[in-house]
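Here's the structure, in structure tokens; my notes come after.
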Amino acid sequence: MAHGPATLADGWRAYISRWVFTTNHKDIGTLYLWFSFAMFLMGGAFAMIIRAELFQPGMQLIRPEFFNQMTTMHGLVMVFGAIMPAFVGLANWMIPLMIGAPDMALPRMNNLSFWILPFAFAILTSTLFMEGGGPNFGWTFYAPLSTTYAPESVNFFIFAIHIMGASSIMGSINIIATVMNMRAPGMTYMKMPLFVWTWVITAFLLVAVMPVLAGAVTMMLMDINFGTSFFDAAGGGDPVLFQHVFWFFGHPEVYIIILPAFGVVSQIIPTFSRKPLFGYSSMVYATAAIAFLSFVVWAHHMFTVGMPIAGELYFMYATMLIAVPTGVKVFNWITTMYKGSLTFETPMLFSIAFVILFTFGGFTGLMLSIAAADMQYHDTYFVVAHFHYVMVAGAVFSGTAAIYYWLPKWCGKMYNETMGQVQFWVAFIGFNIAFMPQHFLGLAGMPRRYADYGLQFADWNMVSSIGAFIYGGAQIMLLYNVIATIRNGKPTTEEKTWEGAEGLEWTVPSPAPYHTFAKPPEFK
Amino acid sequence: MLKRARALFLSLLSLVVLLPLAGSALAESSASQLNMPQGVTEVSQAAYDIHMIMIWVCTVIGVGVFGFMFYVMYAHRKSRGAVAENFHEHLGVELLWTIVPTIILIVMAFPATTALLKVYDTDNPDIEIKITGYQWKWQYEYLGEGVKFMSELRTSDDEVYGREPKGEHYLREVTEPLVLPVGKKIRFLVTGNDVIHSWWVPDFGVKRDAVPGLFTAGWAKTDQPGTYVGECTELCGQGHAFMPVVVEVKEEAEYNAWLANKKAEAVEYASTIGKEWTAEELMAKGEGVYLQSCAGCHQADGGGIPGVFPAIKGSPIALGPQIGHIAVLIDGVPGSAMQSFADQLSEVNIAAVIHYQRNAWGNNVGDVTQPIDVLNYKQSK
């Protein structure tokens, strides 16, 4: 090792240069994680504005135009700015450590794929300050609301999406190249940690569908600026085409978000059960099966759009099938715990809550797959509740679990267990108070993306808003816990932070040195 | 402390599992809505039935799976002295928990298919109604009857913005509801004029997207007279939450009387097109039409919203030749949010609103636009 990374002691210029020009997978992982947390707080702030406005019937704080910008930006920032970069950050940090590689296969591209992201989100959020406001057509940006009827800032939105897509594709290529070429001797595919497996499959999904999204927004760009009519019925186009293209990207996208979360939980549950993961190979096959199915179910988001009945039936049956591989995963996690020796540290609490709440979201997902019932659920708060159970209690809970689980490895300090558990309970209770009532609201008939609602929905909206504020507070606690750990946490130098942890990342010292596995480790 | 926390954890988790159960029980016992309405049509009943089947299937599976999980979390804790075993696969159970869910899904597919066939059974209607979604109102046209009208939110901005107390029917009241007879099969043909909307009446189990350039069909037949309220369920811009659906189902005789009355109104209206209107009449009528149909975008003071909706006050169109102004309203402006109002507003209303726009807020053009001018422009095309 020639020299270590520049620290603040070397002066500001050297310190900033380190982060801007870094090709080190740990530095880039850290950048991704901090960036995604910043975006998470921003998207959360948008959510707080939404819930504050919905606290009571009537418009009290903002105008409906701005409300629509908030729901749109909340969705876009959370999906593309918070959750996806967070898992790319985890991949950057952990995949080389888990497979015994010295770094990612393409370190310079790794730097580029991160550093274009802040620009994308700067462009996206700047639209809020433009004349006419930011994107106000929902994160699904259905045409023609997002084309003919969009504010002028839509072109900036399209450009931002293109940059995000480029970033995701580069990140994915890097992960695929790393895993295919840089595994330690003896690390065969079927011996890779499950987090690595889920990420490889996710990376293939990303490479396949981000260009589809790019195609969708490019067609929008043409419709808006160059007189084409892809999505304009008056010019011979079809607004429904947009939905098909969007959801051909959009459905794999939700698995892009959740598969790495499955991977994290599949690392943590065996550790705190002190028992190997049950059904490793079936976990791999189930992940692949879910990825495959994600490509053939997209139109279940469009049951009310007027498809022929044969199409409806096909998409209903195919969607129901997803329950099988997902069920296999849940059963495997629970059987991993069975006859283990369980302890309930913070990462385990978040993982158990993940299994329970994600499964609950899976149940409502199964209900939504039934087309006849979906005619009533579609575009109501029932759907909002469903996808927050799988996205928040799924992806965000597992991301939080990952932070507590690997933080000691990253910074060589131990978090405060009591603080961690308190944060878990606040998040868990707040989450359920916020989103459980939304099931009732949706079934009772409240549509989503409503700036205002009738008096019959007042009670549960108020409960939901209170829960959302509690859940928002829990994220401030998480930020506090992480910073407090980095600054004042109890130093830990043991390689294996957790008694039951297995894998190569637990064979390097804590904190993980700047360069690891310069010589490939032996893996049996 | 950890012990207490653990107990709390368990009780909370069981709450999560039991809530759907509690939900279904409550829905039957009180008016407070927690569950999907059973509604008043075959379709809504079918949706409700399959919904309840799914809830029970999920509840049974959930109780089994989570019950086992809680047992494991209780029994195999390290603090109780549990020692980990080392098994990590078992082909038998893995096959079992792949095959059993598959069978359950196949069984559930049968009622799910039957219910969907019912939704799609739109053949042989007695009455056909064309529903068109506009930003932000609905148009109902009784096909073959010559009856057509707009249905818009009646709740005032003052109620929305808290300057007045909210009424009992806040956001659930419209200027003119859709009126239907009992006992007749009604087919709804739903389409959109500008962006995509979605026409939903929960009690009918009908939710059909209103897509420009496309018709989607739904149907309803009920024996229960009453007022049924629904919503727009596809994001359609700033007025998305402010375009409710209200349907009144009446006894057949009442319905026939209502329809005859609407037809007579249409005939009477036709006679007013040719009439010479005074500037004062047009100004008074035009202001009402403007506030109802134009002010949502162009604002009550005609100032528009810079960068989004152009101002009418001082605009070259409003100050230019009359015929150009009429053309904008009749043809719309392609490639912009300005739609054609030819089918939305009557000739009288278009003439009145043009007159108003040309003579309000300091736009003192001074000319008078007659309904007959609008009709002539329409017919010249």
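The values are calculated or read from the model by the stated rules, or taken from the named source; none is laboratory data. Please read all numbers here as calculations on a predicted model, not as lab measurements. Virtual Cβ from ideal backbone geometry, glycine too; neighbours counted across all protein chains shown.
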A:Ser229 being assigned to a helix (DSSP H, G or I) and within 14 Å of chain B (Cβ to nearest Cβ): no
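Any idea which of A:Asp374, A:Asp379 is under 21 Å from A:Glu312 (Cβ atoms), touching a residue at least 24 places away in the same chain (Cβ under 8 Å) and within 7 Å of chain B (Cβ to nearest Cβ)? Give the derivation first.
Values: A:Asp374 fails: within 7 Å of chain B (Cβ to nearest Cβ).
Testing whether each residue is under 21 Å from A:Glu312 (Cβ atoms), touching a residue at least 24 places away in the same chain (Cβ under 8 Å) and within 7 Å of chain B (Cβ to nearest Cβ) leaves just A:Asp379.
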Index of the failed condition, B:Met52 passing every other in (1) touching a residue at least 24 places away in the same chain (Cβ under 8 Å); (2) at positive phi: (2)
Looking only at the range B:280-313, and only at residues there that are within 13 Å of B:His355 (Cβ to Cβ) and acidic (Asp, Glu), the one that is surrounded by the fewest Cβ atoms within 10 Å (Cβ to Cβ): B:Glu280
Those residues of the range B:203-217 which are assigned to a loop (DSSP other than H, G, I, E, B) and at the interface with another protein chain (Cβ under 7 Å from one of its Cβ atoms), in sequence order: B:Gly205, B:Val211, B:Gly213, B:Leu214
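Taking the condition of being surrounded by fewer than 19 Cβ atoms within 10 Å (Cβ to Cβ) and among the hydrophobic types (A, V, I, L, M, F, W, C), how many residues in the range B:238-259 meet it?
In the first step, residues of the range B:238-259 are kept if they are surrounded by fewer than 19 Cβ atoms within 10 Å (Cβ to Cβ); the result is B:248, B:250-254, B:256-259.
Next, from what is left, pick out any that are among the hydrophobic types (A, V, I, L, M, F, W, C): B:253, B:257-259.
Here the count works out to 4.
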Within the range A:85-116, tally of residues that are surrounded by fewer than 20 Cβ atoms within 10 Å (Cβ to Cβ) and either of a type in the set (Val, Ile, Thr) or touching a Gly at 6+ places or on another chain (Cβ under 7 Å) (or both): 1
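Here are A:Ile16, A:Ile49: which of them is β-branched (Val, Ile, Thr) and under 26 Å from the mean Cα position of the chain (by Cα)?
Values: A:Ile16 fails: under 26 Å from the mean Cα position of the chain (by Cα).
Exactly one of A:Ile16, A:Ile49 is β-branched (Val, Ile, Thr) and under 26 Å from the mean Cα position of the chain (by Cα), namely A:Ile49.
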Pairs with Cβ under 6 Å, 6+ apart, first in the range A:279-298 and within 14 Å of chain B (Cβ to nearest Cβ), second of a type outside the set (Asp, Glu) and not in a helix (DSSP H, G or I): A:Leu293/A:Ile322
Residue match in the range B:120-143 (condition: more than 30 Å from B:Ala260 (Cβ to Cβ) and free of Cβ contacts under 8 Å to residues at least 60 places away in the same chain): yes
Residue count for the range B:58-88, restricted to those that are surrounded by 12 or more Cβ atoms within 10 Å (Cβ to Cβ), within 8 Å of chain A (Cβ to nearest Cβ) and of a type in the set (A, V, I, L, M): 7
Subset tally (residues that are touching a residue at least 24 places away in the same chain (Cβ under 8 Å), of a type in the set (Val, Ile, Thr) and closer than 29 Å to A:Phe141 by Cβ) for the range B:175-212: 6
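So, in the range B:260-283, of the ones that are among the small types (Gly, Ala, Ser) and touching a residue at least 24 places away in the same chain (Cβ under 8 Å), which residue ends up nearest to B:Gln339 (Cα to Cα)?
Across the range B:260-283, the extreme among qualifying residues is B:Ala266.
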Close pairs (7 angstrom Cβ cut-off, 6 or more residues apart or separate chains): at the interface with chain B (Cβ under 7 Å from one of its Cβ atoms) and closer than 24 Å to A:Leu357 by Cβ in the range A:435-464, part of a helix (DSSP H, G or I) and among the aliphatic types (A, V, I, L, M) anywhere: A:Met436/B:Leu19
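Looking at the range A:466-511 only, could you name the residues that are aromatic (Phe, Trp, Tyr) and either part of a helix (DSSP H, G or I) or closer than 30 Å to A:Phe46 by Cβ (or both)? First the steps, then the outcome.
Restricting attention to the range A:466-511, the residues satisfying the condition of being aromatic (Phe, Trp, Tyr) are A:469, A:471, A:480, A:498, A:506.
Correct list: A:Phe469, A:Tyr471, A:Tyr480, A:Trp506.
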Failed item in (1) surrounded by 21 or more Cβ atoms within 10 Å (Cβ to Cβ); (2) modelled with pLDDT of 95 or more; (3) not hydroxyl-bearing (Ser, Thr, Tyr), with B:Leu189 passing the rest: (1)
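Can you give me the number of residues within the range B:238-256 that are away from every other protein chain (no Cβ under 12 Å) and either part of a strand (DSSP E or B) or aliphatic (A, V, I, L, M) (or both)?
So the first thing to find is which residues in the range B:238-256 are away from every other protein chain (no Cβ under 12 Å), and the list is B:247-256.
This time we only want the ones that are either part of a strand (DSSP E or B) or aliphatic (A, V, I, L, M) (or both), so: B:247-250, B:253.
The total comes to 5.
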Hey, B:Ala300 of a type outside the set (Phe, Trp, Tyr) and part of a helix (DSSP H, G or I) or not: no
Residues satisfying the stated conditions in the range B:284-306, i.e. in contact with a Leu (Cβ under 9 Å, 6 or more places away or on another chain) and either of a type in the set (Val, Ile, Thr) or without any contact (Cβ under 8 Å) to a residue 24 or more places away in the chain (or both): B:Val289, B:Ala300
Residues (more than 8 Å from chain A (Cβ to nearest Cβ), touching a residue at least 60 places away in the same chain (Cβ under 8 Å) and not in a loop (DSSP other than H, G, I, E, B)) located in the range B:218-237: B:Gly218, B:Trp219, B:Ala220, B:Gly226, B:Tyr228
Qualifying residues in the range B:89-106 (those that are at the interface with chain A (Cβ under 7 Å from one of its Cβ atoms) and in a helix (DSSP H, G or I)) - the one nearest to A:Gly340 (Cα to Cα): B:Glu94
Qualifying residue in the range B:332-343 (condition: farther than 22 Å from A:Pro144 by Cβ and part of a loop (DSSP other than H, G, I, E, B)): no
A:Ile28 being farther than 30 Å from A:Arg448 by Cβ and in contact (Cβ under 8 Å) with a residue 24 or more places away in the chain: yes
Residues (closer than 15 Å to A:Ile290 by Cα and facing chain B (nearest Cβ under 8 Å)) located in the range A:315-331: A:Tyr317, A:Met320, A:Leu321, A:Ala323, A:Val324, A:Gly327, A:Val328, A:Val330
Candidate set from the range A:357-397 (those that are buried (at least 24 other Cβ atoms within 10 Å of the Cβ), farther than 30 Å from A:Pro308 by Cβ and β-branched (Val, Ile, Thr)); member that is farthest from the chain's Cα centre (by Cα): A:Thr359
